[in-house]
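Notes for the one structure printed next.
The values are calculated or read from the model by the stated rules, or taken from the named source; none is laboratory data. None of these values were measured; they are calculated from a predicted model. Side chains included, ligands, DNA and RNA excluded: accessible areas come from the protein's heavy atoms. Shrake-Rupley method; radii C 1.70, N 1.55, O 1.52, S 1.80 Å.
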Amino acid sequence: MVANLANYTGTWSLTGGDQYQDVLAAQSVGFVMRKIIANLTITYVVTNEIVGDKDVKLQDVDNLNNVATWIVDGQEHETKDPIFGPMKYVCTRNEQGFIVLRAWSEKYKWENVAVWELNGDTQIRKNVFKSPKLNKEFEMVFTKKA
């Protein structure tokens, strides 16, 4: 049984955490795009659609206007991300009600499992990244804008 579902709806800015440029490189993100990302304050506008006690989907739009839609049903889905290319994902909730997003690219041979912990106006995305080039655990800290 899942605890109360954390609701991620809002505007979130990356305000801290670990360096992850090496992860982007291991995901085959090009040099120019990595430099653009490094010089941005990453911001996501997240819509979390919850019906009753079940998730339907999460959608986030970043400040580069890239839209990602995550169906929260524990099933495998395919998508094409403008930064990461073709990939697959499974999105679920853990016992604490937090999002768990496992995403992978067969083309570029990487996998990332992220738990989106939520504590008030702070969201910590705890990532475990694996590829032939790099294995790394890292955190991304987001603060909700008022």
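Pairwise Cα distances in the chain exceed 27 Å for 16 percent of all pairs. Taking every protein chain into account, the 1.4 Å probe leaves ASP53 with about 120 Å² of accessible area, to the nearest ten.
Structure remark: mean-square fluctuation, Gaussian network model of the chain, C-alpha springs under 10 Å; the largest value among GLY74, GLY120, GLY52 belongs to GLY52. Here the ratio of the Cα radius of gyration of region 85-135 to 2.2 N^0.38 Å is 1.26. If I take every Cα pair under 8 Å that is 6 or more residues apart in region 1-59, average their sequence separation and divide by the length, what percent do I get for the relative contact order? Relative contact order of region 1-59: 41 percent.
Net length available on complete extension from ASN135 to VAL45 is 29.5 nm, with 0.36 nm assigned per residue and the Cα-Cα distance removed.
Per residue, the average separation of C-alpha pairs within less than 8 Å and at least 6 apart gives the chain a relative contact order of 25 percent.
Computed from backbone phi with θ = phi - 60° and the Karplus coefficients 6.51, -1.76 and 1.60, the 3J(HN,Hα) list for region 90-101 is 10, 10, 9, 10, 8, 5, 7, x, 8, 5, 10, 10 Hz; x is used for glycine and proline. Secondary-structure-derived ellipticity at 222 nm for the chain, considering helices only, amounts to -2500 deg cm²/dmol, per-run term -39500 (n - 2.57) for DSSP H runs with n ≥ 4. Result for the chain in a Gaussian network model with C-alpha springs under 10 Å: among ASN39, ASN63, ASN127, the largest mean-square fluctuation is at ASN39. Per atom type, region 3-146 shows carbon and sulfur on 50% of its accessible surface, probed at 1.4 Å. The figure for LYS126 is an accessible area of roughly 80 square angstrom, using a 1.4 Å probe on the protein chains alone.
Accessible surface calculations at 1.4 Å, restricted to protein heavy atoms, place the chain at 55 Å² per residue.
Computed with every protein chain present, the accessible area of GLU117 is close to 60 Å² [probe 1.4 Å].
Too long at a 28 Å Cα-Cα cut-off: which of LYS54/LYS107; LYS54/LYS136; LYS88/LYS136? List each step's numbers first, then the result.
On the way: LYS54/LYS107 32 Å; LYS54/LYS136 32 Å; LYS88/LYS136 20 Å.
Table pairs above 28 Å Cα-Cα are LYS54/LYS107; LYS54/LYS136.
The alpha carbon convex hull volume per residue for region 11-90 rounds to 114 Å³. For the options VAL90, VAL113, VAL67, a Gaussian network treatment of the chain with springs between C-alpha atoms closer than 10 Å singles out VAL67 as fluctuating the most. A simple rule links phi to the HN-Hα coupling: the Karplus curve 6.51 cos²θ - 1.76 cosθ + 1.60 with θ = phi - 60°, which for region 116-129 gives 9, 6, 10, 9, x, 8, 10, 10, 10, 9, 8, 10, 10, 9 Hz, with x for Gly and Pro.
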